[in-house]
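Visitor: Let me give you the structure first, and then I'll get to my questions.
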Amino acid sequence: DTAVSQTPKYLVTQMGNDKSIKCEQNLGHDTMYWYKQDSKKFLKIMFSYNNKELIINETVPNRFSPKSPDKAHLNLHINSLELGDSAVYFCASSQRPVETQYFGPGTRLLVL
Amino acid sequence: DQQVKQNSPSLSVQEGRISILNCDYTNSMFDYFLWYKKYPAEGPTFLISISSIKDKNEDGRFTVFLNKSAKHLSLHIVPSQPGDSAVYFCAASQYSGGGADGLTFGKGTHLIIQP
């Protein structure tokens, strides 16, 4: 019955590796997002994806790429992982971009 | 440049009393404000929202007040209960702009309810 789910919950990996985080929502929402919560606890938008339109926060390195196989999924691919990528990544969804967003439980990424 | 500020990292309140969490914003384009509650190792959970056309919105024990001229909003929880102990995030967006830029969050306030 989980509305927004993410896998894996924890991810520990070496610098330079490529990894993916999966997100699925069963709310029938049209818009999905990825947020990053850094060590200072700020939650910052990385991407929003609505009807095949991708809006990217300009501060996000191009090593990060979202992929949406269908409306219910928005996966996050990260290439050439760096130490500074260590953070908690949250997926979220909303019916429309302007409406209330519902968050997944987060994926805790640690890059060694 | 923090556009949404929560200046109190933590707040301790006795059970049964009122908890007041504050939030300030600098971007005058923000017109939709939300409060989220977050427990450790979980994602933020939506609590309550307010549009800039209102100055108050109430839902059970939770009331959000918006003062547009001061660019300030507050969340009141009354009476406070032990289960309210969590981190509370204030968030803002440009509803009229389509909202596709996502939410801008404050740093959060850790509310501790003392028995």
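Visitor: Rounded to the nearest 0.05, what FRET efficiency is calculated for B:Gln3 and A:Gln14 with R0 set to 45 Å and r the Cβ-Cβ distance? Numbers along the way, then the final one.
Guide: Details: r = 35 Å, r/R0 = 0.79.
Plugging the Cβ-Cβ distance into 1/(1 + (r/R0)^6) gives 0.80.
Visitor: List the relative contact order of chain A as a percent without decimals, with contacts defined as Cα pairs under 8 Å and 6+ residues apart.
Guide: 38
Visitor: If you don't mind, there's one more thing I want to ask. Take chain A, compute every pairwise Cα distance, and split them into 5 Å bins from 0; I just need the percent in each bin.
Guide: All Cα pairs, binned at 5 Å, distribute as 2, 13, 24, 27, 19, 10, 4, 1 percent.
Visitor: Mind checking which of B:Asn67, B:Thr45, B:Ala92 is farthest towards the positive end of chain B's charge dipole, using Cβ charges of +1 (Lys, Arg) and -1 (Asp, Glu) about the Cα centre?
Guide: B:Asn67
Visitor: Could you calculate the FRET efficiency of B:Glu58 with B:His110 from 1/(1 + (r/R0)^6), where r is the beta carbon distance between them and R0 is 22 Å, rounded to 0.05? Show your work: numbers first, answer last.
Guide: Working: r = 24 Å, r/R0 = 1.09.
Efficiency computed from Cβ-Cβ geometry: 0.40.
Visitor: May I pose another question? What does the charge dipole of the protein assembly as shown about its Cα centre add up to, to the nearest 20 debye, if the Cβ of each Lys and Arg holds +1 and the Cβ of each Asp and Glu holds -1?
Guide: Working: 23 positive and 21 negative charges, 57 e Å.
Roughly 280 debye for the protein assembly as shown.
Visitor: For all pairs of alpha-carbon atoms in segment A:56-112, what percent lies in each bin of width 10 Å, listed from the first bin to the last filled one?
Guide: Going out from 0 Å in 10 Å bins, segment A:56-112 shows 19, 49, 28, 4 percent.
Visitor: Let me ask something else. I want the local charge near B:Ser85. Using Cβ-Cβ distances under 15 Å, sum +1 for each Lys or Arg and -1 for each Asp or Glu among the other residues.
Guide: Every neighbour counted, the sum reads +1.
Laboratory data are not the source of any read-out in this text; all were calculated from the coordinates shown. Nothing here was measured: the structure is a model prediction, and the numbers come from that model. Note: ideal-geometry Cβ built from the backbone for every residue, glycine included; neighbour counts use all protein chains shown.
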